[in-house]
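Here the structure comes first, spelled out in structure tokens, and everything after it is commentary.
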Amino acid sequence: MADLKVLFIGGTGVISSACSRLAIQKGMNLYHLNRGKRQSLRPVQGVNTLIGDIRKPAQVKELINDHHFDVVVDWLVFEPQHIRTDIELFTDKTDQFIFISTASAYQTPPRSLPVTEDTPLENPFWKYSQKKSECENILKMAGKENGFPYTIVRPSHTYDKTMPPFEGGYTVLNRIKNEQKVVIHGDGSSIWTLTHHKDFAKGFVGLLGDDKAIGEAFHITSDHWQSWLQIYKIFANVLNVDLNPVFITSNIIAKYDKEMGDSLIGDKAHSMIFDNSKIKNLVPEFSANIELKEGAKEIVTWYENNPDQQNVDVDLNTKFDKMISEYSSKILEMEI
């Protein structure tokens, strides 16, 4: 594992930054391919950088012309054409290609819990998830027809110190901090799994270069879960404030904000618990030890120490206020 030559397309995102650091820590020769234009909140030391744009295949083909990688991971595949391009670029250029799919592609809502890798990929609500599922099918066909050495990884909701887990991010954290009313979808009772990116990295890096992972799919998540109301309360407790929740159905939230509604109806509004037996069997060192209480403290502390990142979305804040005001009025009318 220590001698592996690995290429990450991307590499400084929420999940990929932790995986990058652990790969380097384990002695891998890690390359990042990115445009080199944006200063990341999550810099990675000790990486080799190839400056290029994965959306310009001819440019990337020239960049990798003299390279062969043990593993290539594309963190930036969102459309079927993206994966087709990767197959063209990296056929005979890598011994393992890892596609970052999503656990939101699983059957939604699930007919049974916990979800396993054999749960059907049937999300009728969210285009994002459907496209990821289509990418998986294209990869599987390439593996079957041409022996393309793919591995599929399906993260669920993975976070780091810069990323409050709410729809609305810091804007919601700021509302909690100031004891403003906060919108929680449904009645707050749906169960949700949050995974710290450092925990995810332990499972993911263990897959790199493992022949037994070829042709397989894995989700990598925490074994800890909470209701959404509990998640909000954990952050309120860390901030030492009272939580003032307003419960609004996801369908109503979607009328005020389509993007948020898609994410809720297509994913977060449904209880999701995962069986991690498959990744644990292949990567015995994988365990998710960072509970949300610790992660919430890390997030709150990071924002306190980085006031320049305390960016409140004024438009979103206005939507929340409007949602709460109008929805409360309707409830009051019904009661009268």
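Considering (1) surrounded by 15 or more Cβ atoms within 10 Å (Cβ to Cβ); (2) within 20 Å of the chain's Cα centre (by Cα), the lone condition that Phe78 does not fulfil carries the number (1). Scanning the range 249-275 for residues that are within 17 Å of the chain's Cα centre (by Cα) and among the acidic types (Asp, Glu) gives Glu259, Asp262, Asp267. Please indicate, with yes or no, whether at least one residue in the range 17-39 is part of a loop (DSSP other than H, G, I, E, B), under 20 Å from the mean Cα position of the chain (by Cα) and in contact (Cβ under 8 Å) with a residue 40 or more places away in the chain. No: the range 17-39 contains no residue that is part of a loop (DSSP other than H, G, I, E, B), under 20 Å from the mean Cα position of the chain (by Cα) and in contact (Cβ under 8 Å) with a residue 40 or more places away in the chain.
Pairs meeting the criteria (first residue in the range 302-313 and within 18 Å of Phe235 (Cα to Cα) and touching a residue at least 24 places away in the same chain (Cβ under 8 Å), second residue basic (Lys, Arg) and part of a loop (DSSP other than H, G, I, E, B), beta carbons under 8 Å, at least 6 apart or on different chains) are Trp302/Lys161. Just to be sure, is Asn174 touching a residue at least 60 places away in the same chain (Cβ under 8 Å) and outside the structural domain of Thr94 (by TED's automatic domain parsing)? Considered against the rule, which asks whether it is touching a residue at least 60 places away in the same chain (Cβ under 8 Å) and outside the structural domain of Thr94 (by TED's automatic domain parsing), Asn174 comes out as yes.
Listed by position, the strands (runs of 3 or more DSSP E) inside the range 189-274 whose residues that are surrounded by fewer than 16 Cβ atoms within 10 Å (Cβ to Cβ) and either in the same structural domain as Tyr327 (by TED's automatic domain parsing) or modelled with pLDDT of 95 or more (or both) number at least 1 are 191-196, 244-248.
When Gln45 is tested against (1) free of Cβ contacts under 8 Å to residues at least 40 places away in the same chain; (2) within 18 Å of Thr162 (Cβ to Cβ); (3) in contact with a Phe, Trp or Tyr (Cβ under 9 Å, 6 or more places away or on another chain), exactly one condition is not met: (3).
The values are calculated or read from the model by the stated rules, or taken from the named source; none is laboratory data. Remember, predicted model here, so these are calculated numbers, not experimental data. A quick note on method: Cβ atoms are made from the backbone with ideal geometry, for glycine too, and the neighbour counts reach across all protein chains shown.
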